[in-house]
Amino acid sequence: MKNTVTTFQAMKEKNEKISMLTAYDYSTAKLEDEAGINGILVGDSLGNVVLGYDNTIPVTVDDMIHHGAAVARGAANSLVVVDMPFMSYQTSVYDAVVNAGRIMKETRCDCVKLEGGQSMCPQIKAITDASIPVMAHLGLTPQSVNAFGGFKVQGKTLEAAQKLLDDAKAVQEAGAFALVLECVPEKLARKITEMLTIPTIGIGAGAGCDGQILVYADMLSMFSDFAPKFVKSFANVGEIMTKAFKDYDAEVKDASFPAAEHTFKIDEEVLDKLY
Ligand code: KIV
């Protein structure tokens, strides 16, 4: 059955945990969908994982649409969330609605995600009023990496923790249907989760959130540039891929691949008539 924003809300109310993973292409989305993952995020982590940038800043709306549409085609049941990239919504409420609309129309996703708290509430309200559900994102918001001065745990001081809680309440009030909490101390994330009526989805925010999300390439150990502390490796797919690539390389070079069963036949007569 198709997961929707109301499924997510009902899961919070029934105390059922919500599973989310990122995906950036059709085949991965299909596998995640078939595995029963509740939500698939086409994250702007696309920039790091797929496009090879060192952060998410250069990712464009067109990049998100290209990959978002592929994921939406592969996800029959999972809720598909597409990230709004840097500067596609911060510039104005008008830009935010136009870009969210483009993303939804051109990808056929179910909702969008954007980063930021009270200062982004006019955008969250306007996009939601345009019937596009919004997932908010607080804590270590990667599009603000330059403002934060690096990738650091957020909300550790009283002032920062209070700001995070105020932002969380504000995005809920503005109409966000769910909230991602990234790199936030476990007890703070738990408190925010208890104080909100909308579901929280944690990444590096402990087990007290209503759901969890990981970058799929991290949890499969496929992405070796950087491994955050909060990532658990569920399978060493990177190692399996490297071994398969090496085996292929060796078999091509010793001519043992392709074998007879991988090749097509032609009548000898046809060959004999060639001149
Ligand atoms: O872009 C992304 O993958 C994300 C997750 C880390 C939540 O925003």
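Would you check which residues across segment 191-211 are more than 10 Å from the ligand (Cβ to nearest atom) and in a strand (DSSP E or B) and list them?
THR200, GLY211
Show the residue pairs meeting these rules: Cβ distance below 6 Å; 6+ apart or different chains; first residue within segment 44-58 and closer than 15 Å to SER144 by Cβ; second residue among the charged types (D, E, K, R) and within 12 Å of the ligand (Cβ to nearest atom).
Pairs found: ASP44/ASP83; THR56/ASP44.
Take the residues in segment 10-45 that are out of contact with any Gly (no Cβ under 9 Å at 6 or more places or on another chain) and assigned to a helix (DSSP H, G or I); name whichever of them is nearest to ALA72 (Cα to Cα).
GLU34
Residue-wise test of (1) away from the ligand (no atom under 16 Å from the Cβ); (2) in a helix (DSSP H, G or I); (3) over 27 Å from LYS229 (Cβ atoms).
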residue: LEU114; (1), (2), (3): no, no, no
residue: PRO122; (1), (2), (3): yes, yes, yes
residue: ALA160; (1), (2), (3): yes, yes, no
residue: ASP166; (1), (2), (3): yes, yes, no
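Taking interchain pairs and intrachain pairs at least six residues apart, which have beta carbon atoms under 7 angstrom, with the first residue in segment 70-92 and under 15 Å from ASN3 (Cα atoms) and the second at pLDDT below 95?
ASN77/MET1
Only one residue in LYS2, LYS17, LYS30 is among the basic types (Lys, Arg) and buried (at least 16 other Cβ atoms within 10 Å of the Cβ), so which one is that?
On the way: LYS2 fails: buried (at least 16 other Cβ atoms within 10 Å of the Cβ); LYS17 fails: buried (at least 16 other Cβ atoms within 10 Å of the Cβ).
Only one candidate passes the filter, namely LYS30.
Checking THR200 against (1) without any contact (Cβ under 8 Å) to a residue 40 or more places away in the chain; (2) over 13 Å from LYS17 (Cβ atoms): exactly one of these is not met. Which one?
Among (1) without any contact (Cβ under 8 Å) to a residue 40 or more places away in the chain; (2) over 13 Å from LYS17 (Cβ atoms), THR200 violates only (2).
The values are calculated or read from the model by the stated rules, or taken from the named source; none is laboratory data. Everything numeric in this text was worked out from a predicted model, so none of it was measured. We place every Cβ from the backbone using ideal geometry, glycine too, and count neighbours over all the protein chains shown.
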